[in-house]
1. What does the highest-first list of 43-49, 6-12, 18-24 look like by mean Cβ count within 10 Å?
2. Using packing as a proxy for protection, rank 29-40, 56-67 so that the peptide with the highest average count of other Cβ atoms within 10 Å comes first.
3. Once both axes come from the Cα atoms, what is the angle between helix 74-83 and the longest principal axis of the chain, in degrees from 0 to 90, rounded to 10?
4. With viscosity set to 0.890 mPa s at 25 °C, what whole-number translational diffusion coefficient in µm²/s follows for the chain from Stokes-Einstein and a Kirkwood radius over Cα pairs?
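Laboratory data are not the source of any read-out in this text; all were calculated from the coordinates shown. Since the model is a prediction, treat every value here as computed from it, not as a measurement. Backbone-built Cβ (ideal geometry, glycine too); neighbour counts: all protein chains shown.
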Amino acid sequence: MRDALRAMVEAITRLETRLIESDRLPSYSTETIDIECLTPEGEWREVASTSRRTDFPTPNGHVPLIVFEIAFGMDRMVALTNRKL
C-alpha cells in the first residue's frame, strides 16, 4: 500500500518521492512511515504519513483492532504541485 501511495504522490507532484521512517512515533502507533518529496531546492518535505494505529476500541469479544491510517497534508501537496506550474 505504501509503495502505491508513494507512486501516486510522485505522479501528482512530479517530484522524486521516498518512504522514510518517521522521526516521531505517536503513542497510538506501532509504526509510522512518512512519504516525502524532494523539492526543486533539494530539500525533502513530508507530504503524508502512514501509521499502524492501536488506539481504536475493541468490540466486546472481538480481536483488538489494528488500523492502517493514511494522513495527507493536502496543503503541502497543493503547494508542491503549484510550484511546478
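1. Packing proxy ranking, top to bottom: 43-49, 6-12, 18-24.
2. 29-40, 56-67
3. Rounded to the nearest ten degrees, it is 10.
4. This corresponds to a translational diffusion coefficient of 176 µm²/s.
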